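Data first, discussion second: the structure below is written as structure tokens.
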Amino acid sequence: MTAATPVLVEAAINGMSTKERNPHVPITPEEIRADAARCLDAGATIIHAHNHDIRLSGEAAARAYLEAWAPLLAERPDALWYPTLCVAPDPVAKLEHVRLVAEQVPLTMAAVDPGSTNLGGPAADGLPEGGVYANSYDDIRRAFAFCAEHRLGPQLAIYEPGFLQCVLTYHRAGQLPAGSMVKLYFGGEWGMWARARGVTFGLPPTRHALLAYLDMLEGTGLPWSVSVWGGDLMATPVARLALERGGHLHVGLEEHFDPDVKPTNVELVEQAVELIDDVGRPRATSADAVSLLHLPSPAASAGSPATPR
């Protein structure tokens with residue numbers, strides 16, 4: 001990655017955010033479709049989205065995604081996007097809806113969470129409470145095998161340095177599926193769920209934290225992006241430094257939180273584009289992203305079963 005590398009802007013448009021957290025978050029299929037289109041027009045290269053209910057799995061989850069995405073992808077078959085994991089008892093079940101969706105519409109990427117961490121917020125006494133987000137080594141192995149089998153580029157959520165250690169082990173072994181992209185998640189002061197200040201996760205969004213990750217990534221050639229969860233990426237030194245070091249930007253209402261400012265996804269994309277232009281990096285097109293990430297062409301994947309692609 002160099003200063004001449006086109007910048008990917010990923011817009012994570014909803015996640016588990018609510019209208020109470022930000023009234024602009026898209027929830028319904030119609031809102032998701034319209035917001036995704038606006039973000040693409042504003043300069044987003046990749047869209048990441050949830051459906052209206054993360055508890056749906058299998059065919060029910062696939063139907064919900066297709067209701068939002070099939071009309072949009074009929075008009076924009078080269079658009080790059082991917083859904084989230086669903087709540088299910090094993091890693092393949094968490095991804096089964098992805099296979100079903102990919103049989104119907106262009107889809108060349110899948111979410112993979114290669115590690116485990118504590119997530120939560122402050123209790124009444126201010127101390128951490130919550131639970132463990134767990135992905136065992138066997139879970140991770142099976143998720144990577146799913147991506148390799150179905151030719152889906154793993155989009156790797158790096159909540160903690162240990163997540164990246166796992167990814168690098170697969171990379172050194174030559175077993176990291178094609179299309180992999182490292183997504184460096186930094187913990188803002190409001191944390192993953194943005195319900196109260198004081199309990200967060202991972203590394204803070206500081207210059208030295210990003211440099212520590214870049215030390216780990218040095219020499220791998222893996223594409224990477226930065227985001228801040230429970231905060232504002234653009235208000236930290238991480239966004240500009242990432243662009244100066246050849247990285248990419250991950251923005252959107254899934255992770256953004258400021259109690260005093262309620263932007264739209266389009267506004268967050270526009271801020272990212274403005275910073276890219278200020279740094280002097282070129283902006284990536286969908287074709288640039290396919291080339292950079294070594295993905296199958298999304299248009300070529302449309303309407304064909306996922307398994308034999």
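Once Rh for the stretch 108-207 is found with the Kirkwood sum over Cα pairs, what is the Stokes-Einstein diffusion coefficient at 25 °C and 0.890 mPa s, in µm²/s? Walk me through the numbers on the way to the answer.
Values: Rh = 14.5 Å.
After rounding, the answer is 169 µm²/s.
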Next item on the list: With a 1.4 Å probe and every protein chain kept in, tell me what percent of the accessible surface of the stretch 54-138 is carbon plus sulfur.
Entry: 54 percent
Checklist line | Solvent-accessible heavy-atom area per residue, rounded to whole Å², over the chain at 1.4 Å | finding: 41 Å²
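Counting Lys and Arg as +1 and Asp and Glu as -1, what is the net charge of the other residues whose Cβ lies under 11 Å from the Cβ of residue 232? Walk me through the numbers on the way to the answer.
Numbers: positive: none; negative: 189, 255, 258, 260.
Cβ neighbours under 11 Å give a net charge of -4.
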Notebook entry, point to check: Counting Lys and Arg as +1 and Asp and Glu as -1, what is the net charge of the other residues whose Cβ lies under 13 Å from the Cβ of residue 166?
Noted result: -2
Next item on the list: Work through the residues other than residue 65 whose Cβ is under 13 Å from its Cβ and net out their charges, Lys, Arg +1 and Asp, Glu -1.
Entry: -2
Check: On the first, second and third principal axes, largest extent first, how far apart are the outermost C-alpha atoms of the stretch 1-115 in Å?
Finding: 43, 33, 30
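How large is Rg/Rh for the chain, to two decimals, with Cα atoms and a Kirkwood Rh?
Values: Rg = 17.8 Å, Rh = 19.2 Å.
Reported Rg/Rh (Cα atoms, Kirkwood Rh): 0.93.
Measure off, as a whole percent, the carbon and sulfur share of the 1.4 Å-probe accessible area of the stretch 161-257, all protein chains present.
Carbon and sulfur: 52 percent of the exposed surface of the stretch 161-257.
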Note to self: No solvent, one uniform scatterer per C-alpha: report log10 I(q)/I(0) for the stretch 246-294 via the Debye equation at q = 0.22 1/Å, two decimals.
What the structure shows: -0.90
Notebook entry, point to check: Any number yet on Rg/Rh for the stretch 71-136, C-alpha, Kirkwood?
Noted result: 1.16
Note to self: Stokes-Einstein diffusion coefficient for the stretch 214-289 at 25 °C in a medium of 0.890 mPa s, Rh from the Kirkwood formula over Cα pairs: what value in µm²/s?
What the structure shows: 184 µm²/s
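Going by accessible area, probe 1.4 Å, with all protein chains left in place, what is the ranking of 47, 54, largest first?
On the way: 47 0, 54 45 Å².
Reading off the accessible areas and sorting them downward yields 54, 47.
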Next item on the list: State the antiparallel share, in %, of DSSP beta bridges confined to the chain, rounding to the nearest 5.
Entry: 20 percent
Check: What whole number of Å gives the distance from the Cα centroid of the stretch 55-80 to the Cα centroid of the stretch 249-298?
Finding: 21 Å
Next item on the list: Could you give log10 I(q)/I(0) at q = 0.12, 0.16 Å⁻¹ for the stretch 142-277, computed by the Debye formula over C-alpha point scatterers of equal weight, without solvent?
Entry: -0.49, -0.84
Note to self: Give me the extension gain from residue 93 to residue 70: residue separation times 0.36 nm, minus the current Cα-Cα distance, reported in nm with one decimal.
What the structure shows: 6.1 nm
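The values are calculated or read from the model by the stated rules, or taken from the named source; none is laboratory data. The model shown is predicted, which means the values in this text are computed figures rather than measured ones. When we count neighbours, we look across all protein chains shown, and the Cβ atoms used for this are built from the backbone with ideal geometry, even at glycine. Keep in mind that these areas ignore ligands, DNA and RNA; they rest on the heavy atoms of the full protein, side chains included. Shrake-Rupley method; radii C 1.70, N 1.55, O 1.52, S 1.80 Å.
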